[in-house]
1. Among the residues of the range 3-42, which ones are in contact with a strand residue (DSSP E or B) (Cβ under 8 Å, 6 or more places away or on another chain) and exposed (fewer than 11 other Cβ atoms within 10 Å of the Cβ)?
2. For the range 163-187, which positions are part of a helix (DSSP H, G or I), in contact (Cβ under 8 Å) with a residue 24 or more places away in the chain and not small (Gly, Ala, Ser)?
3. Would you check which residues across the range 257-296 are within 17 Å of Val140 (Cβ to Cβ) and without any contact (Cβ under 8 Å) to a residue 12 or more places away in the chain and list them?
4. Under 8 Å between Cβ atoms, which residue pairs at least 6 apart in sequence (or on different chains) link something in the range 227-241 that is within 15 Å of Ala133 (Cβ to Cβ) with a partner that is surrounded by 17 or more Cβ atoms within 10 Å (Cβ to Cβ) and aromatic (Phe, Trp, Tyr)?
5. Among the residues of the range 188-197, is there at least one that is assigned to a helix (DSSP H, G or I), touching an Asp or Glu at 6+ places or on another chain (Cβ under 6 Å) and either touching a residue at least 40 places away in the same chain (Cβ under 8 Å) or closer than 25 Å to Ile139 by Cα (or both)?
6. In contact with a Gly (Cβ under 8 Å, 6 or more places away or on another chain) and at pLDDT below 90, is that true of Asp61?
7. Tell me, please, whether a residue that is outside the structural domain of Val155 (by TED's automatic domain parsing), at negative phi and in contact (Cβ under 8 Å) with a residue 60 or more places away in the chain can be found in the range 72-84.
8. Look through the range 144-186, keep the residues that are of a type in the set (Val, Ile, Thr) and within 13 Å of the chain's Cα centre (by Cα), and return whichever of them is surrounded by the most Cβ atoms within 10 Å (Cβ to Cβ).
Amino acid sequence: MSSLAKSFDRIPRFALRCTLASVSSDFLLAYYRIDHELKHDKLQEMLETVIQVGREEFGMDVSIIVSSACEGGDRFLNVFEDLLAKRAILDLFGKGAVLDLAVLPDCDELLARASAYRKAASALYIADEKVIAEEKDRIVGKLLDCDISDGRLEVLGFVLACAMRFREDFATLSDILGVQVDYMEKVHALEDARSLVVWLNNFISQVFEYSLGMLDLVRTDSVSKAKRYIADNYMRPNLSLGDVAEYVGLNEKYFTTKFSGEAGETFQSYVTGLRIQKAKELIGTTSFKMYEISQMVGYSNAEHFNRIFKKEVGISPNTYRKSRNSEVFSRN
């Protein structure tokens, strides 16, 4: 990064007007001096040269976020803090992006929606199938009830939340997907709620597969390890707390307390929730009979499955299937 920074000083306008500081290993702050009036065309030309230098001399894609102009120390600190907060939005754009906060709309709204999806992003990071399914249902419900502009903001907010969560452990979406994607362009090209839902499902599936592959069951914490074991074995009717506690190497009493404290619900509640989520997916996407689905999700007794499903969802499995079929027909 120091070599890259030094190379910028060979750009005449950069050397004349910029003072450079390192904020982190991958984030440089350039203070651009304005004497009288900001000449936007000259600034844009300089920024394009900066990007070109990074790409041609170092094989590095440099993205740039430009703050509003300011004067005075107190104002500078406020602008700098705003810049740090909004820097994350760069992950929604493609290679060599230049974002001007003075003209870029929806920044605050995107960050607010990303904050609302913090739980979903964290679940995706550790491949927590139950919470992912619940959160996906929540966002899909929103997408089907809002207009397309608001729906795009929801999806972009979710993607931004994932980018921010993975960056906490020094991973980027381009690392995960193997390519840097312009999510703003991709999502704004989608024209209806159905397209948003399909795209979102594909995105979640890709990130989930990455998280699953990266999950180190030897070194990961016991609760995450337990959730993974439950996800792999929920279809077993005799799956017990004792089985899972033994798998993660803890006694049952301590495991019960630890799981409830970290997961925010009891072991049995988590297992039941995951089974019902899986049942909902099967009911909505297949033609299996209800007794077959009950066995697939770990209930050997179909009547017991019906009671649990109605308690959790509020309606019977058959009513749920009819409502889903009616909903699909209505959307089509």
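The values are calculated or read from the model by the stated rules, or taken from the named source; none is laboratory data. Everything numeric here is computed off the predicted structure, so don't read it as measured data. Glycine gets a Cβ as well: all are built from the backbone with ideal geometry, and neighbour counts include every protein chain shown.
1. Within the range 3-42, Thr19, Ala21, Arg33 meet the criteria.
2. Scanning the range 163-187 gives Met164, Arg165, Phe166, Arg167, Leu173, Ile176, Leu177, Tyr183, Met184, Glu185, Val187.
3. Result: Thr285, single match.
4. Within 8 Å, the pairs are Lys227/Tyr270; Ile230/Tyr270.
5. Checking the range 188-197: not a single residue is assigned to a helix (DSSP H, G or I), touching an Asp or Glu at 6+ places or on another chain (Cβ under 6 Å) and either touching a residue at least 40 places away in the same chain (Cβ under 8 Å) or closer than 25 Å to Ile139 by Cα (or both).
6. So Asp61 passes the test.
7. Yes: the range 72-84 contains one or more residues that are outside the structural domain of Val155 (by TED's automatic domain parsing), at negative phi and in contact (Cβ under 8 Å) with a residue 60 or more places away in the chain.
8. If we take residues in the range 144-186 being of a type in the set (Val, Ile, Thr) and within 13 Å of the chain's Cα centre (by Cα), then Val159 is surrounded by the most Cβ atoms within 10 Å (Cβ to Cβ).
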